[in-house]
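What follows draws every value from the coordinates through simple rules; no lab data is involved. Please read these numbers as outputs of a predicted model, since none were measured by experiment. Note that each Cβ is placed from the backbone with ideal geometry, even for glycine, and that neighbours are counted across all protein chains shown.
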Amino acid sequence: MPVLFFSDLLTKVGLAPGKVKLIRHALSDKGFRSCYEKNMVLEYTRQQKPDFSRGYTHWAIFISDAGNYAKFYALYQVGPSVPDTPNVMPVGFPHPDWFAGQNAYFDLTPVDLLGEYEQRLVIDWGKSARMWHQRGTTEKPIVAIQTANRHPFVGFEQVVLSYHELKEVVENATDYEAWHTALSSVNAVYLITDTQNGKQYVGSAYGKDGLLGRWRYYVDPLHGNNKRMRQLLCDHPDRYQFFQFSILQLLPKTATDEEVIHTESLWKKKLLSIPFGMNDN
């Protein structure tokens, strides 16, 4: 039985839970993730329906965590709003088409009453993930208050990840923020090794989210849409757990797609990953 709810914490710092709106942003939502990766969570949150904050003085923002859990991001006091016309759009916002004047753009001021719990406090949001905003009186059990555990990036040359380590990096954007920043900033030729039989797959990553964007496809749908790897997982469904991920060569974001693919082809020749590995071309 839960001992402490988030509403208890709000009361303790002098806030009326009924005046606080709880908002859960999901990293599985592509629109939010693109803003999260540009450090624009606040800017994303400010844009809502005109009557979204009626009756509320504060918003408590959470970001999805494992399962039904959500991690506390920040607390804001809500001010007035203006129409979300193009002239109020933040510089660098990844979705300019969202600013069409149909919704509202709220003034949010950070409040430090719960500052010590930011990025540390985890609640159980419950099974109704679709109900992404709820009143602060809704009972949300506090399941953990984590120690500061942000993992520093080890450096590109040191990246050697098991499948489970890669999954943790990809899915835990808060604790692995430095990893997300680093891996999304580069194009690369990478290596996947099946540690059960030693067979290798050489791949390349280029485009908007760089290496991070490409490696996400080995967490879901596991095979990265690679023909031989897909067949391997059809024959041995649990084999992905034995994949190891590393970086063969970094390439600047300014490299053309053709340059990246050419470098990938050279590594396939060097490692013989077509005749003896998991590459099929």
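Assorted remarks:
- Shape call, segment 207-281: gyration tensor on alpha carbons, a/c limit 1.5: oblate
- Counted charge near GLY67, where neighbours are those whose Cβ lies closer than 11 Å (Asp, Glu -1; Lys, Arg +1): -2
- Spatial separation of Cα centroids for segment 92-151 and segment 15-76, in angstrom: 3
- Estimated purely from DSSP H runs of n ≥ 4, each contributing -39500 (n - 2.57), the mean residue ellipticity at 222 nm for the chain is -6500 deg cm²/dmol once divided by its residues.
- When each of LYS227/LYS253; LYS21/LYS127; LYS208/LYS270; LYS38/LYS127; LYS199/LYS269 is checked by Cα-Cα distance, pairs over 20 Å: LYS227/LYS253; LYS208/LYS270; LYS38/LYS127
- Cα-only Debye scattering, segment 156-271: base-10 log of I(q)/I(0) at q = 0.13, 0.16, 0.20 Å⁻¹: -0.47, -0.72, -1.13
- Added length on full extension, which subtracts the Cα-Cα distance from 0.36 nm per residue, ALA16 to HIS151: 45.1 nm
- Leading residue at positive end of dipole, the chain (Cβ point charges), from VAL159, ILE261, ALA60: ALA60
- Taken about its Cα centre, segment 156-271 carries a charge dipole of about 520 debye when Lys and Arg each add +1 at the Cβ and Asp and Glu each add -1 at the Cβ.
- Spin-label zone in segment 206-229 - amide nitrogen under 18 Å from a point set 7 Å from the Cα of LYS253 along the C-beta vector: 206-216
- Spin-label proximity, ASP29 to segment 110-130 - amide N less than 12 Å from point 7 Å beyond Cα toward beta carbon: 129-130
- Furthest towards positive pole of dipole, LEU22, GLY79, PRO94, structure part segment 6-145, Cβ charges: LEU22
- Rounded to the nearest 20 debye, the dipole size of the chain about its Cα centre is 420 debye, using +1 on the Cβ of Lys and Arg and -1 on the Cβ of Asp and Glu.
- Scattering profile of segment 6-145 at q = 0.10 Å⁻¹ [log10 I(q)/I(0), Debye over alpha-carbon scatterers]: -0.32
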